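Below is one structure; the comments refer to it alone.
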Amino acid sequence: MKNYEKAIKVEAKHKRQTQQDMNELQRDMKYQVQEEKADMESKIAMEKDAIQSSDASIQLCKDEQKSFQEKPKKLNEKEEDLVMK
């Protein structure tokens, strides 16, 4: 569980940094000539992909945490069912 919490924090930090980088690229884009804008748009697209990847990683970690939290409950239910037999 703690490893997942750490992973979520790391991914969230990476996402924030990537978002800041993307925002900076977008601000700088208005000062670029047309040829440079195409390159800048490509970089922005890569940053957006990185953000989506971070979101997916965060969601995966949260899903795994939830699964680990449910596991003891299910084992207790199984134990109760076996005792009832």
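Values in this text are rule-based calculations from the coordinates and carry no lab data. Remember, predicted model here, so these are calculated numbers, not experimental data. A quick note on method: Cβ atoms are made from the backbone with ideal geometry, for glycine too, and the neighbour counts reach across all protein chains shown.
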Which residue pairs have Cβ atoms under 7 Å apart, sit 6 or more places apart or on different chains, and have a first residue in the stretch 40-54 that is without any contact (Cβ under 8 Å) to a residue 40 or more places away in the chain and a second that is of a type in the set (A, V, I, L, M, F, W, C)? Met40/Leu25; Met40/Met29; Lys43/Leu25; Ile44/Met22; Ile44/Leu25; Glu47/Met22; Glu47/Leu25; Lys48/Met22
Residues Asp63, Asp21, Asp49: which one is farther than 26 Å from Met1 by Cβ and within 12 Å of the chain's Cα centre (by Cα)? Asp49
Among the residues of the stretch 2-33, which ones are touching a residue at least 12 places away in the same chain (Cβ under 8 Å) and either among the acidic types (Asp, Glu) or in contact with a Phe, Trp or Tyr (Cβ under 6 Å, 6 or more places away or on another chain) (or both)? Glu5, Glu11, Asp21, Asp28
Could you give me the residue pairs with C-beta distances under 6 Å whose first residue belongs to the stretch 56-85 and is touching a residue at least 24 places away in the same chain (Cβ under 8 Å), whose second residue is in a helix (DSSP H, G or I) wherever it lies, and which are 6+ apart or on separate chains? Ser57/Glu11; Ile58/Ile8; Ile58/Glu11; Cys61/Tyr4; Cys61/Ala7; Cys61/Ile8; Glu64/Tyr4; Gln65/Tyr4
Going through the stretch 39-85 in order, the residues found to be within 30 Å of Asp28 (Cα to Cα) and of a type in the set (Val, Ile, Thr) are Ile44, Ile51, Ile58
